[in-house]
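The values are calculated or read from the model by the stated rules, or taken from the named source; none is laboratory data. Everything quoted here is computed from the prediction, not taken from an experiment. Heads up, the Cβs are rebuilt from the backbone with ideal geometry, glycines too, and the neighbour counts pull from every protein chain shown.
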Amino acid sequence: MKLCMIGTGYVGLVSGVCFADLGNDVICVDNNVDKINLLKKGKIPIYEPGLSELVIKNFKNKKLNFSTDLKKSIKDSDIIFICVGTPTKKGGRSADLSQIYKVSKEISSSINKFKIIITKSTVPVTTGDEIEKILSKKNSKKKFSVVSNPEFLREGEAIRDFVYPDRVVIGTNDKRAGRILKNLYSPLISKGASYLQTSRRAAELIKYASNAFLATKITFINEIANLCEKTNINIEDISIGMGLDKRIGSRFLRAGPAYGGSCFPKDTKAIITTADKFKTNLSVIKSVIKSNENRSKILLDRIKRILNRKIKNKIITFLGVTFKPNTDDMRDSPSLKMIPWLLKKGAIIKYFDPTGYKTEFMNFKNVINKTSIKDAIHGADLVIIHTEWNDFKSINFKSLVKGKKFTIFDMRNIYSSSKIKDQGFKYFSVGK
Ligand code: NAD
């Protein structure tokens, strides 16, 4: 099948290359000329394990191509996936759908034969209805079908998640579109993915409800971790004990910093706005947002106590600054709140991230990027393990650091307290 991915970011590029690898002809379009030029040279603009090899392979065998020419790419394709961003509106909490509607207008003037138009971007309930209205202005309804097909991949595991998803959700009442899409996804369904066809609105809501639920699980265990710290209980015992209950499950039950990233923060806010529009009070999700916003403050208070309230001139090292490992995505990472706060209190920040330098900190005077763990922790007063990269899981601090011993605040509970203390370092973790 001939597919067009509009928006060549984390979702559009990954799903585009995976569809190409399954034998489809895929054109990935973006209005960012630099991004498309890089891709045409075989250079990948994002960090995602395994992506580079797959892009190069499929580009070479001409199953995958890149373009900035949206109209031509739409005309040449049968199925159009909209994969542009849906960030939070500036100063508000609803989803900014301007990219979605801009693209919809461009699609509207390029429909030359029957096309399936799919929102893979996360969009609020009724967005599909709006897209349909835009397309209907210039085209007969027989010429297109608007479908919701939310994407559930996780950055850092994106290719595996795309190829082996738990489920494929197709939101349409159109039998023809449903049949074509079931066929498109049949290689994944035959490998075990559940296939669910629902109404378009239900598919849109499944995505938001899923993200809000996962955010709730993280926030729940983070609050229980606060109680563990006061009652001398190890949060890991609680996570294991709860997770063994099949009704609960063990995933997303690990205490740590606030949830961040490009999805949970914006999607929890957007679903609240949708609910407000339909006069429904999602009080649980509202509490989750509030609790998560307070999470960084709780961890910063803990840092204050660890440093005996003396932050001024202290060298604080962050190991990892992204919101999770195996991605370079800095969107809504907890470090973006914590580092400016510590700087304000007079700290000097050093950081090492396996995905390198971060422009997000370039305007701060006292933030220094280091290119190795050793350089980053040298001379530190406090080392914060912020992101759970494998690179940070078996550091021999004792052999790496000669001289001054620092304190370690392990926000991911990676290390055994006794082993680190035996090496002569002070050690703090979360929920213990
Ligand atoms: P992204 O910012 O990485 O990519 C979006 C791309 O769209 C950018 O490259 C941008 O240049 C391009 N774009 C914007 N306007 C355009 C236009 N008019 N024409 C062509 N290209 C245009 O975003 P993302 O992380 O890939 O997310 C995309 C959508 O998928 C969002 O709705 C997000 O919520 C959802 N989603 C993201 C993830 C994730 O892990 N990142 C997972 C599931 C769903």
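Overview of values
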read-out: Residue satisfying condition, being touching a residue at least 60 places away in the same chain (Cβ under 8 Å), out of contact with any Lys or Arg (no Cβ under 7 Å at 6 or more places or on another chain), of a type outside the set (Phe, Trp, Tyr) and surrounded by 20 or more Cβ atoms within 10 Å (Cβ to Cβ), within set 322, 387, 317, 355; value: 322
read-out: Check on residue 23, among the small types (Gly, Ala, Ser) and either surrounded by 18 or more Cβ atoms within 10 Å (Cβ to Cβ) or closer than 26 Å to residue 322 by Cβ (or both); value: no
read-out: Matching strands (runs of 3 or more DSSP E) fully within segment 45-127 where at least 3 residues are free of Cβ contacts under 8 Å to residues at least 60 places away in the same chain and in contact with a helix residue (DSSP H, G or I) (Cβ under 6 Å, 6 or more places away or on another chain); value: 64-67
read-out: Tally, over segment 37-95, of residues that are in contact with a Pro (Cβ under 8 Å, 6 or more places away or on another chain) and of a type in the set (Lys, Arg); value: 0
read-out: Residues of segment 26-44 satisfying the condition of being surrounded by fewer than 17 Cβ atoms within 10 Å (Cβ to Cβ), within 16 Å of the ligand (Cβ to nearest atom) and of a type outside the set (A, V, I, L, M, F, W, C); value: 31, 32, 34, 37, 40, 43
read-out: Answer residue from segment 382-412, given it is among the polar types (S, T, N, Q) and over 21 Å from the mean Cα position of the chain (by Cα) and is farthest from residue 371 (Cα to Cα) among those; value: 407
read-out: Condition met for residue 16 (out of contact with any strand residue (DSSP E or B) (no Cβ under 9 Å at 6 or more places or on another chain), modelled with pLDDT of 95 or more and small (Gly, Ala, Ser)); value: no
read-out: Residue in segment 393-414 that is touching a strand residue (DSSP E or B) at 6+ places or on another chain (Cβ under 6 Å), of a type in the set (Val, Ile, Thr), free of Cβ contacts under 8 Å to residues at least 24 places away in the same chain and surrounded by fewer than 20 Cβ atoms within 10 Å (Cβ to Cβ) present; value: no
read-out: In segment 1-20, the residues that are more than 10 Å from the ligand (Cβ to nearest atom), part of a helix (DSSP H, G or I) and in contact with a helix residue (DSSP H, G or I) (Cβ under 6 Å, 6 or more places away or on another chain); value: 17, 18, 20
read-out: Positions within segment 105-125 being buried (at least 16 other Cβ atoms within 10 Å of the Cβ) and more than 10 Å from the ligand (Cβ to nearest atom), in sequence order; value: 107, 108, 110, 111, 115, 116, 117, 118, 124, 125
read-out: Residues (farther than 19 Å from residue 86 by Cβ and either of a type in the set (Lys, Arg) or touching a Ser or Thr at 6+ places or on another chain (Cβ under 8 Å) (or both)) located in segment 201-227; value: 217, 219, 221, 222, 223
read-out: Search result, residues across segment 264-275 that are surrounded by fewer than 24 Cβ atoms within 10 Å (Cβ to Cβ), within 11 Å of the ligand (Cβ to nearest atom) and among the hydrophobic types (A, V, I, L, M, F, W, C); value: 264
